[in-house]
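Here's a structure for you.
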Amino acid sequence: AIVARHCGMEVLAMSLITNCCVMEFDSDQKANHEEVLETGKARSKDMQKLISKIVEKIAS
Ligand SMILES: O=P(O)(O)O[C@H]1O[C@H](CO)[C@@H](O)[C@H]1O
């Protein structure tokens, strides 16, 4: 993104929140990669639709 901006390109960044941050060191909850993959998979179609709509709007 830094290089793209340097070259004068417009940049759109997006992020999918996939899990909760565990703030307490001694918490029983643990972040793990499986929940991240699971949420990514569960929301992949939504992300595809959203990005397609954004690209459509940019193109029109
Ligand atoms: O925050 P760190 O320690 O990088 O780890 C967390 O972030 C990763 C996300 O996929 C998982 O492995 C989870 O344990």
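The values are calculated or read from the model by the stated rules, or taken from the named source; none is laboratory data. Keep in mind the model is a prediction, meaning the values are calculated, not measured. Counting neighbours? That spans all protein chains shown, and the Cβs are built from the backbone with ideal geometry, glycine included. Just the protein is used for accessible areas: all its heavy atoms, side chains included, with ligands, DNA and RNA removed. Shrake-Rupley method; radii C 1.70, N 1.55, O 1.52, S 1.80 Å.
Only one residue in Val3, Val55 is away from the ligand (no atom under 16 Å from the Cβ), part of a helix (DSSP H, G or I), open to solvent by 100 Å² or more (accessible area, probe 1.4 Å) and among the β-branched types (Val, Ile, Thr). Which one? Steps first, answer last, please.
On the way: Val55 fails: open to solvent by 100 Å² or more (accessible area, probe 1.4 Å).
None of the other options fit; the residue is Val3.
Out of everything in the stretch 14-30 that is open to solvent by 90 Å² or more (accessible area, probe 1.4 Å) and among the aliphatic types (A, V, I, L, M), what residue ends up being nearest to Ala59 (Cα to Cα)?
Ile17
Can you pull out the residues in the stretch 33-60 that are modelled with pLDDT under 95 and over 18 Å from Val11 (Cβ atoms)?
Ser60
Please state which of the following conditions Gln48 fails to meet, knowing it meets all the rest: (1) within 16 Å of the ligand (Cβ to nearest atom); (2) part of a helix (DSSP H, G or I); (3) open to solvent by 100 Å² or more (accessible area, probe 1.4 Å); (4) not charged (D, E, K, R).
(1)
Additional query: For Ser15, indicate whether it is free of Cβ contacts under 8 Å to residues at least 60 places away in the same chain and away from the ligand (no atom under 16 Å from the Cβ).
Spelling it out, it is not the case that Ser15 is free of Cβ contacts under 8 Å to residues at least 60 places away in the same chain and away from the ligand (no atom under 16 Å from the Cβ).
Between residues in the stretch 18-38 that are near the ligand (Cβ under 8 Å from one of its atoms) and residues that are part of a loop (DSSP other than H, G, I, E, B) and of a type in the set (Val, Ile, Thr), which pairs lie under 6 Å by C-beta distance while being six or more apart or on different chains?
From the stretch 18-38, the pairs are Ala31/Val22; Val36/Thr18.
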